[in-house]
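The values are calculated or read from the model by the stated rules, or taken from the named source; none is laboratory data. Predicted model, so just to flag it, every value in this text is computed and none were measured. FYI the Cβ positions are ideal-geometry reconstructions off the backbone, even for glycines, and counts take in every protein chain you see. These accessible areas exclude ligands, DNA and RNA; they are computed on the full protein's heavy atoms, side chains included. Shrake-Rupley method; radii C 1.70, N 1.55, O 1.52, S 1.80 Å.
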Amino acid sequence: MTIFELSLRYSILIFLAVTGVLHAIAAYRGLKGISFFTYKISAYIFAAITIIPPLAIFFTWNERWPIGLIQGPEQFYCFIAGTIVALVFTLGLSSILKRTSITDDPGELHGISALKNMTYYQAIKQLIRSKGSNCSK
Amino acid sequence: MFEVDKQIFLWINGLAGRSAVADSIIQGIANDYFVIVSFCLGLLAIWFGSTSKEMQKAVIAAVISIGLASLLVVLSNHFYFRPRPFTELPTNLLFYKPSDSSFPSNLATILMAISIPIFWTNKKIGSLFIGASIITGLARVYVGIHYPFDILGGFILALLASLAAIYILKIMKKYFDLLLRMLEKVFLA
């Protein structure tokens with residue numbers, strides 16, 4: 001296995017684990033806007049399914065690929081890449097899936113907590129709208 | 001002093017090979033991926049899961065600390081090379097053979113560099129991180145790739161890096177507050 005294939009594998013595992021962590025956090029904090037699911041229990045199950053297998057693979061990495069070594073800096077880049085893709089994927093897909101089930105109630109338009117009532121797309125739309133109305137005043 | 005280090009190494013590493021189950025578990029803990037990935041996922045969970053600004057600042061301090069600790073490791077490797085224990089002593093080696101300097105342990109340094117800023121802000125969560133760092137350090141000795149002083153040296157470098165990171169965060173507070181406000185505006189903090 002080439003170092004590129006190993007790095008790709010590493011990044012995909014990070015992508016899965018980060019998606020799971022975001023869902024666990026969404027369920028824990030009640031951030032309905034970033035979860036793919038309506039019920040907390042579904043989000044927790046999804047989190048377990050996406051976090052535990054990648055961690056199990058990382059735990060046994062040296063046994064699986066004894067000569068496959070990703071150096072520290074490459075690990076860092078792969079982690080950042082996997083995290084960014086997971087974040088964009090989670091925020092994007094949840095915005096699509098929840099576009100009708102969540103009404104864009106602008107209750108709190110401040111920080112991550114705004115995503116309790118809105119999807120990320122709705123929050124950004126509200127932000128642009130409020131900026132626009134501030135400019136026109 | 002190095003004699004004491006070697007004696008402690010021989011004692012800890014001498015425990016290896018007695019139980020296949022214990023060896024497998026400790027190999028998993030000692031590897032280059034599992035604990036560091038878990039720590040980074042932990043930082044991410046703290047960032048998005050915490051409602052406290054101080055915890056988010058602790059995550060920023062941890063990231064700065066990782067950068068500074070890496071720099072200290074590179075500098076240390078530039079001036080001092082210590083051979084790995086398996087090249088000098090009879091070792092139960094449960095790992096591949098790294099060729100870089102044994103001192104300091106890169107992984108132990110980075111893990112502790114993440115742990116200290118978190119501990120500075122939240123003793124409970126920070127203790128978990130520090131405990132995991134110590135266990136990983138011991139695991140690296142158990143599998144035969146580090147002397148105990150490599151781990152201890154890494155922890156000392158991490159302490160220096162963490163204190164520097166916390167100081168940087170303090171003197172550049174207004175810029176980091178601005179960064180947090182900007183991330184808050186786009187719903188990412």
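Quick check: with the 1.4 Å probe, what order do B:SER105, B:SER50, B:SER99 take by accessible area, largest first?
On the way: B:SER105 0, B:SER50 25, B:SER99 110 Å².
In descending accessible area the options line up as B:SER99, B:SER50, B:SER105.
Using a 1.4 angstrom probe, figure out how much accessible area chain B has per residue, in square angstrom, rounded to the nearest whole.
With the other protein chains kept in place, chain B gives 47 Å² per residue.
Summarise the accessible area of the stretch B:116-189 (1.4 Å probe, protein heavy atoms) by the percent that is carbon and sulfur.
That fraction is 78 percent.
Would you list, by chain and number, the lysines whose Cα falls below 26 Å from the Cα of B:LYS57, excluding same-chain residues fewer than 8 positions away?
Within reach: A:LYS32, A:LYS116, B:LYS123, B:LYS124, B:LYS170, B:LYS173, B:LYS174, B:LYS185.
Report relative contact order for the stretch B:112-161 in percent, whole number only (criteria: Cα-Cα under 8 Å, sequence separation at least 6).
Working: 37 pairs, mean separation 19.4, N = 50.
This gives 39 percent for the stretch B:112-161.
Across 10 Å bins from 0, what is the distribution of all Cα-Cα pair distances for chain B, in whole percents?
10, 34, 31, 17, 7, 1
As a check on your grasp of the helix formula, calculate [θ] at 222 nm for the protein assembly as shown: sum -39500 (n - 2.57) over DSSP H runs of n ≥ 4, divide by the residue count, round to the nearest 500.
-24500 deg cm²/dmol
Taking R0 as 45 Å, what FRET efficiency do you get between A:SER113 and A:THR2 from their Cβ-Cβ distance, rounded to the nearest 0.05? Intermediate results must be reported in sequence, preceding the final value.
Details: r = 44 Å, r/R0 = 0.98.
Once the sixth-power term is evaluated, E becomes 0.55.
Give or take rounding to whole Å, what are the principal axis extents of the alpha carbon atoms in the stretch A:30-137, in descending order?
Dimensions of the stretch A:30-137 along the principal axes of its Cα atoms: 63, 33, 19 Å.
Using Cα springs under 10 Å in a Gaussian network model of chain A, which residue among A:ILE67, A:ILE34, A:ILE12 shows the largest mean-square fluctuation?
Sorting by GNM fluctuation, first place goes to A:ILE67.
Below 8 Å between Cα atoms, with a sequence gap of 6+, how large is the relative contact order for the stretch A:3-135 in percent?
Details: 159 pairs, mean separation 41.9, N = 133.
32 percent.
Over the heavy atoms of B:HIS146, what accessible area does a 1.4 Å probe trace out, to the nearest 10 Å²?
Number for this one is 0 Å².
Taking a quarter of the surface of the convex hull around the Cα atoms of the protein assembly as shown, what do you get in nm²?
Result: a mean projected hull area of 19.0 nm².
By per-residue mean of other Cβ atoms within 10 Å, what is the highest-first order of B:59-65, B:11-17?
B:59-65, B:11-17
Mind checking how much accessible area B and A bury in total, 1.4 Å probe, in Å² rounded to 100?
2700 Å²
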